[in-house]
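Inspection log for the structure reproduced underneath, given as structure tokens.
The values are calculated or read from the model by the stated rules, or taken from the named source; none is laboratory data. What you see is a predicted model, and the numbers here were worked out from it, not measured in a lab. Here the Cβ positions follow ideal geometry from the backbone for every residue, glycine too, while neighbour counts run over all protein chains shown. Protein only, heavy atoms only, side chains kept; ligands, DNA and RNA dropped before computing areas. Shrake-Rupley method; radii C 1.70, N 1.55, O 1.52, S 1.80 Å.
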Amino acid sequence: MKNIKILTALLTVFSVLFSACTKKEEITGKTQYAKVVVDVANLPGTPKLEVRYQGQLIGEAPLRIPGTLVEAAATTKLSVYVKGTDELVADTTLHLKGGELTSYRVAYNKELGIAGWLNSKPVAADSISFQFLNNLSDFNKTHPVYDFYLFYFDFNIGDAVPQGFVIPDFQKVKLYPTAITLPWAFPTDLSTPIYYLGKLKDRATGQFVTFGSGNDFFIFEQDLGGSSLIYSINDANIDTSVPGIKL
């Protein structure tokens, strides 16, 4: 009888422990959710786009605030496609935590050769934000491997000064994915905008490329402070000035 009572007590304790463990597993194993926002740049000629998460369609872009609910995951993929096709516009790997809100901005214009992610953060009035789009074609034949260097023009010395920003193997870049945010004007004279210049260094010669005009630089046209732009560098404007496509 005593042994039966002990066995019964042990079974009861085991049952309670098993139940507690099961409940704990249910709590820790509970599916968590996050939210995704995908805005679309207002460019002419942009077709309808759709957003896929973990390969599954979650809606037509733009996905606006408060965001579209998705299952949180340590590693997953967010992709944007031309609606109803397998034509990829942009994708990225996400690491989403439960309750997190992640925001992206995408641009697509086939004629301009624009396809990719944009800076989704607002730009301060004293700054300018831009990305570079490499639309060079014939240039690659004479300079197959080259790096991009960013400069600014210093009116005090009358010369170009390195900005300290380089894109290696620029010939492999289409739309540079990172938006660069820099001051719009000189801190000593807020009324004078800073003019940024681009140079291309030929890897084979180690020299900056000189264009038909005799210059080894091209000018990025200035815009108002607070602007977000794409500078499309192509065969026609590389020897003059590169206009900004306002986003």
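Kirkwood's formula applied to the C-alpha pairs of region 112-195 gives a hydrodynamic radius of 14.8 angstrom. Between Leu182 and Ile65, the modelled label-to-label distance comes to 3.1 nm, taking each label 7 Å out from Cα in the direction of the beta carbon.
Computed about its Cα centre, the charge dipole of the chain is approximately 1660 debye, with only Lys, Arg, Asp and Glu carrying charge at their Cβ.
For the chain, adding -39500 (n - 2.57) for each run of n ≥ 4 DSSP H residues and dividing by the number of residues yields -4000 deg cm²/dmol at 222 nm. Cα-based Rg of the chain per 2.2 N^0.38 Å, rounded to two decimals? Rg over 2.2 N^0.38 Å, computed on Cα atoms: 1.51. With the simple model of a label 7 Å out from the Cα in the direction of the Cβ, Gln163 to Thr192 spans 1.8 nm. Extent of region 33-118 along its three principal axes (Cα atoms, max minus min coordinate, largest first): 39, 23, 19 Å.
Normalising the average separation of contacting C-alpha pairs (under 8 angstrom, six or more residues apart) by the number of residues puts the relative contact order of the chain at 16 percent. Using θ = phi - 60° in the Karplus curve 6.51 cos²θ - 1.76 cosθ + 1.60, the 3J(HN,Hα) couplings for region 147-162 round to 10, 9, 10, 9, 10, 10, 8, 9, 5, 5, 9, x, 8, 7, 10, x Hz; x is entered for Gly and Pro.
How much of the accessible area of the chain, in percent, comes from carbon and sulfur atoms when a 1.4 Å probe is used? Here it works out to 56 percent.
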